[in-house]
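The values are calculated or read from the model by the stated rules, or taken from the named source; none is laboratory data. Given the structure is predicted, the values throughout are model-derived calculations rather than measurements. All Cβ positions, glycine included, derive from the backbone under ideal geometry; neighbour counts span all protein chains shown.
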Amino acid sequence: MARRRMIYEGKAKILYEGPEPGTLVQYFKDDTSAGDGAKKDVIEGKGVLNNRLSEYFMNGLNSIGVPTHFIRRLNMREQLVRSCEIIPLEVVVRNVAAGSISKRLGIDEGTPLPRPIIEFYYKDDALHDPMVSEEHITAFGWASQQDLDDIVALALRVNDFMSGTMLAVGIKLVDFKIEIGRIYDGDYMRLLVADEISPDSCRLWDIATGQKLDKDVFRRDLGSLSDAYSEVARRLGVLPPANAGKTGPKLVH
Ligand code: UDP
């Protein structure tokens, strides 16, 4: 069989040409990195978990009318997505202070914020993804003011959906990052949620114990990353319970 054409390889995912025009195959690797690639490891099974978790969140968003690039999961590590033009911004939404906002503004981690705060970072590894303002974004033409209004509305809807979904399984959504893509229908342009939504790009704290169930486990050497991600998947019903399969083979689909 002819090898698929690789379109792009990032730190945690690879994009291949899709089976139909306008589609891509998104492959989830086990590679994990933090601090702009300064800390790296391969966490066995991470890609499988993130493929499933991102499918779960994107399907949920699609079902409430928040447009995403997700079409369907293809197998353990791959999903079919709509090809889109990625806006070069990381859109971060914060509900509780943690990470860079705590450092930058001297706010204790865990302090609830007065309202969800949206921040934009310019996607450029060489520059370490600097924080930018709406002024920079519109002046340099990365997005228009109308796009930004739409991006803020999308980000807040994702926040409400994700906060509720996690709260239902005893997890606090502290913050998360999304990326936004554009698709064109003739002259008409639409924005959608692209990339992935997974514990790699969210901060998730157990409500009862405060235990971290996200990539901070890796960034801060707090234990097993795959145990943390499996716990999130198990609570959401994305993974079968730990003892499933003990009575005999089960169909995996
Ligand atoms: N985030 C991400 N990719 C990045 C930077 C941040 O997914 O390149 C996520 C991160 O996991 C967290 C949120 O965005 O959920 C806010 O991250 P923060 O600005 O606090 O930066 P960090 O402390 O992760 O460097």
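When only residues in segment 102-127 that are of a type outside the set (D, E, K, R) and within 9 Å of the ligand (Cβ to nearest atom) count, which is surrounded by the most Cβ atoms within 10 Å (Cβ to Cβ)?
Filtering segment 102-127 for residues that are of a type outside the set (D, E, K, R) and within 9 Å of the ligand (Cβ to nearest atom), the one surrounded by the most Cβ atoms within 10 Å (Cβ to Cβ) comes out as TYR121.
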Discussion item. Need the failing condition index for LEU24 against (1) touching a His at 6+ places or on another chain (Cβ under 7 Å); (2) among the aliphatic types (A, V, I, L, M); (3) over 24 Å from PHE161 (Cα atoms), just the number.
Written reply: (1)
Worksheet entry | All positions within segment 20-58 that are within 16 Å of the ligand (Cβ to nearest atom), surrounded by 16 or more Cβ atoms within 10 Å (Cβ to Cβ) and not in a strand (DSSP E or B) | LYS29, ILE43, LYS46, GLY47, LEU49, ASN50, LEU53, SER54, PHE57, MET58
Practice prompt. With respect to ILE178, determine if the residue is under 17 Å from ASP200 (Cα atoms) and either more than 11 Å from the ligand (Cβ to nearest atom) or at pLDDT 95 or above (or both).
Written response: yes
Discussion item. What's the total number of residues in segment 154-175 that are among the basic types (Lys, Arg), in a helix (DSSP H, G or I) and closer than 17 Å to ASP214 by Cβ?
Written reply: 0
Worksheet item: From the list ILE178, ILE183, ILE197, ILE151, which one is among the β-branched types (Val, Ile, Thr), in a helix (DSSP H, G or I) and either in contact with a Pro (Cβ under 7 Å, 6 or more places away or on another chain) or under 24 Å from CYS84 (Cα atoms) (or both)?
Response: ILE151
Worksheet, complete the sentence: Per the filter on segment 200-210, residues in contact with a strand residue (DSSP E or B) (Cβ under 7 Å, 6 or more places away or on another chain) and either on the phi > 0 side of the Ramachandran plot or part of a loop (DSSP other than H, G, I, E, B) (or both) are SER201, ILE207
Practice prompt. Could you tell me which residue of segment 70-101 is nearest to the ligand (Cβ to nearest atom), considering only residues that are among the small types (Gly, Ala, Ser) and surrounded by 19 or more Cβ atoms within 10 Å (Cβ to Cβ)?
Written response: ALA98
Discussion item. For segment 7-19: of the residues being outside any strand (DSSP E or B) and not hydrophobic (A, V, I, L, M, F, W, C), which is farthest from ASP124 (Cα to Cα)?
Written reply: PRO19
Worksheet item: Quick one: which of SER83, SER33, SER54 is of a type in the set (S, T, N, Q), more than 24 Å from VAL174 (Cβ to Cβ) and in contact with a strand residue (DSSP E or B) (Cβ under 8 Å, 6 or more places away or on another chain)?
Response: SER83
